[in-house]
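Novice: Pasting a structure below so you can have a look.
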Amino acid sequence: MNLLLHICCGPCAVFPVKELRNRGIAVTGYFDNHNIHPYQEYQRRLEAVRDFAGQTGLEVHYREEYRLDEFLAAVAADPGSRCRYCYASRMEATAAFAARQGYAAFTSTLLYSRYQQHEEIRRLGDELAQRYGIAFFYADFRSGWQEGIRLSKEMGLYRQQYCGCSYSERDRYLPPARRARMPELGKTLIVIGLLVVALGGILVFAGKIPWLGRLPGDITIKKENFTFYFPLATSILLSLLLSFILWLLRK
């Protein structure tokens, strides 16, 4: 049987290719991964697949298109659901290519990873098989997880540290505690901005607003060659206003 294998990266292809060949299946690779960001990471993973293909004599078809805008347009509105689009778009491209080129079946190295949504990938494969009139070859390659890691290291393949997209890169490297503080940081910056605007307004309009700085309770002491001024009431009023703004932001 001739089978088209979607390859997400070099290390994840090691065990599936070995296993499929051991079963007597003629395997051809297919690289189409517009989910990998940034561009330099995309290039590193592409070169890792080339490296793997060269070492194992694997024929691979490459769709070398860095379609960042397409990926972000599809997932930015709901990043939490990005994985389903990520699976579906790449697997559909693989199924369509396999059907056009006359392959008997298709599958994906996504079935090797312990970190992916295995049953969702299997369901999508069955769905695409019916849509394109081609068999989906299912195998649980996770059984070779440790073997794949060992072999990929022996081959000297580049091993990435996150799944692929910018969101997964953030989740991998940005500590959860810092992620939780990001909204608070945004609110703090808003408050600082409002303070700057308020100060600017005072400097610009102080002479045009009769009561500003001259409220009952503002202290002014004038003596010969000496003037003391402390806008106590105005300061209290501005403090109350800013406290109200902070309360609104914290709700």
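The values are calculated or read from the model by the stated rules, or taken from the named source; none is laboratory data. This structure is a prediction, so every number in the text was calculated from the model and none was measured.
Novice: Among the helices (runs of 4 or more DSSP H) confined wholly to the stretch 138-249, which include 2 or more residues that are of a type outside the set (Lys, Arg) and modelled with pLDDT of 90 or more?
Specialist: On the way: elements: 145-154, 166-173, 176-205.
Those helices (runs of 4 or more DSSP H) span 145-154, 166-173.
Novice: What residue, among those in the stretch 110-128 that are assigned to a helix (DSSP H, G or I) and within 20 Å of the chain's Cα centre (by Cα), is nearest to Asn33 (Cα to Cα)? Lay out the reasoning, then the answer.
Specialist: Step one: filter the stretch 110-128 for residues assigned to a helix (DSSP H, G or I), giving 110-112, 118-128.
Now narrow it down to the ones that are within 20 Å of the chain's Cα centre (by Cα): 110, 118, 120-121.
Numbers: Leu110: 12, His118: 18, Glu120: 18, Ile121: 15 Å.
Among them, the one singled out is Leu110.
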